[in-house]
1. Listed highest first by mean packing, meaning other Cβ atoms within 10 Å per residue, what order do 163-173, 70-80 come in?
2. Using DSSP, restrict attention to beta bridges with both residues in the chain and report what percent are antiparallel, rounded to the nearest 5.
3. Running a GNM on the chain with Cα contacts under 10 Å, which residue among 226, 132, 246 ends up with the highest mean-square fluctuation?
4. Sort 54, 145, 3 by Cβ crowding within 10 Å, fewest neighbours at the top.
5. By per-residue mean of other Cβ atoms within 10 Å, what is the highest-first order of 100-107, 269-276?
6. With springs connecting C-alpha atoms under 10 Å apart, model the chain as a Gaussian network and identify which of 36, 255, 217 has the largest mean-square fluctuation.
7. What distance in nm separates the two pseudo spin-label positions at residue 131 and residue 194, each 7 Å out from Cα along the beta-carbon direction?
8. Relative contact order, percent, of the range 5-285 when contacts are C-alpha pairs under 8 Å separated by at least 6 residues?
C-alpha cells in the first residue's frame, strides 16, 4: 500500500501576469517559490515543449501541509487548447467571493457553489464558508472519467487511494483525512486532454516508488516516464515516476525525502516572479 501525500496540480498558463493577479488578488494565495528553467523538463513537467519555461508554486501555506498550484509558463506559447479533462478545483473560502466582487471578477453559480474562472478557463468551485485557518482551504481537484469503474479500479485498486465518497457518477479518493482529495466524475463520453492538460502530484517515500513501478507494470497500465531524477537549479534533486490513468490523466509520484528539501518556501519567490515578468515585458517592448 502506497503511503502518499497530496502535493499539487499543474496548470499550463499563457498569460502569466493576469494569472498571477487572479491567484494572488482573487483567490488570495501566496507565491511560495518561483523557478526559471532554460530547457524543457526531462519528464515533460512543462508539457511537450522543448523551450525555456518557469514554474511558480502558489498556495495558502507550506507545501509540507497544503495542496498548492503549480503554474507552468512556457515562453513563446501564447495559448493552449483546453479539453474536458479538468473539471475544477474546490476551495472553502467565502473571502474569495468578497475579493472577486470588489475586483469585478465574474462570478457564476452552479448549484450551491460559486464558480470563478481563472485565465485559461480553469474553474474554481467556491464553498462560501469561512476560510479555515488550521487546515487547508483546498478541498479537492475534480477530473473527468469516461468509465467510473475503471477509474475506481485504478485509483483505489492499483494506486491504493482510499475511497472517501462514491456516488452513481463520481468517486472521491485520497491518501489521508486531512489532505486534499481527487474526485473522478463520469462524463458519459471520451475524455479529451487537448493541449492544456495538467498533472496531479503526490509524494511517497523513495523506497515505495519502486513498488509503484512494479504494480503499474504488473497491471499493464501506462508509465509515461519511468523512475527519473530531475534537477532544479540551486536546489535539491528529486526522483519521480510519471503515470497515466485509463483516461490519460497524468499522475506524478515524487520521492518525499527530496521533495521536502526542494519545496522549502522561498521568501524571494514573489520578487523572482515579478522580476521574470518585468524582463519578459521589457524584451517584448524592445
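1. In descending order of packing, they fall as 70-80, 163-173.
2. In the chain, DSSP labels about 70 percent of beta bridges as antiparallel.
3. The residue with the greatest mean-square fluctuation here is 132.
4. Lowest to highest Cβ neighbour count: 3, 54, 145.
5. 269-276, 100-107
6. 217
7. 2.9
8. Details: 615 pairs, mean separation 58.7, N = 281.
In percent, rounded to a whole number, it is 21.
Each value in this text was obtained by applying a stated rule to the coordinates, not by laboratory testing. Not measured: the values here are computed from a predicted model. All Cβ positions, even for glycine, are placed from backbone atoms using ideal geometry, and neighbour counts span all protein chains on display.
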